[in-house]
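Here is the structure we will look at.
The values are calculated or read from the model by the stated rules, or taken from the named source; none is laboratory data. Treat the numbers as computed from the prediction; the structure is a model and nothing was measured. Reconstructed Cβ throughout: ideal geometry from the backbone, glycine too, with neighbour counts over all protein chains shown.
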Amino acid sequence: MCKSCVYLGVGGNVVENEKNPLMKSKIDITEFRNRLKGNTKIGSPKLKIPMGFFSIFTDNSKCFYGNFDNSTFELITNSNFSPAFYFLKGTYKNTEKNLIVNYSIEPVGKLRIAWIKYFPIITFIICNSIFYFEAKPPIEIYIIFNLFIIFISIFSRLNIKWQNKKMERKFYKIFEIIE
């Protein structure tokens, strides 16, 4: 997709692409700003907290949540149930022919990413230590528990990647980004 973006690499590490070409948009700068206004609920993307069940009382009709001004933007997916771990941060400017958009995908908080990456491993080690030294459960429970922890670990990392791709596709579609 985006050659100027930052992606999750092997093991969930953030890896920046070597090439950083500027992206172009089919729309002009006034339409870009109008679409930002129409599709963004104003707020700090770093402080967005999903409200879950209580979200039935809030407005969630816009695709993105974040801040923008005349040349920069910070956007996160506007979701009530799923926390976002990365946000789009970028700039846009008008040239004689096209609107140039340059952005990257950055982590909302390093603690959130560390939690997703390392909590299942720590849980795996601690629980297996307890199983081995203290509890001595039957082998079936031991295997089921370990498979569950491994599944949660893999799913959480894949879910982050899927959220990033979905956010990027929405951004491309709404703002008509071409490479």
Only one of (1) in contact with a helix residue (DSSP H, G or I) (Cβ under 6 Å, 6 or more places away or on another chain); (2) at pLDDT below 90 is not met by residue 149, so which one is it?
(2)
Filter the stretch 79-110 down to residues that are over 18 Å from residue 68 (Cα atoms) and either assigned to a strand (DSSP E or B) or of a type in the set (Lys, Arg) (or both), then give me how many there are.
2
Residue 174 vs. criteria within 22 Å of the chain's Cα centre (by Cα), modelled with pLDDT under 90 and closer than 30 Å to residue 70 by Cα:
no
Does at least one position in the stretch 24-44 carry a residue that is modelled with pLDDT under 80, farther than 15 Å from residue 100 by Cβ and under 17 Å from the mean Cα position of the chain (by Cα)?
yes
Tally time: how many residues in the stretch 122-178 are part of a helix (DSSP H, G or I), within 30 Å of residue 27 (Cβ to Cβ) and of a type outside the set (Val, Ile, Thr)?
14
Count, please, the residues in the stretch 75-120 that happen to be within 17 Å of residue 41 (Cβ to Cβ) and surrounded by 20 or more Cβ atoms within 10 Å (Cβ to Cβ).
7
Give me the pairs, please: first residue somewhere in the stretch 23-49 and of a type in the set (A, V, I, L, M), second residue anywhere and part of a helix (DSSP H, G or I), beta-carbon distance under 7 Å, and either six or more positions apart or on two chains.
27/175
Considering only residues that are over 11 Å from the mean Cα position of the chain (by Cα) and hydrophobic (A, V, I, L, M, F, W, C), look in the stretch 69-89 and name the one that is modelled with the lowest pLDDT.
81
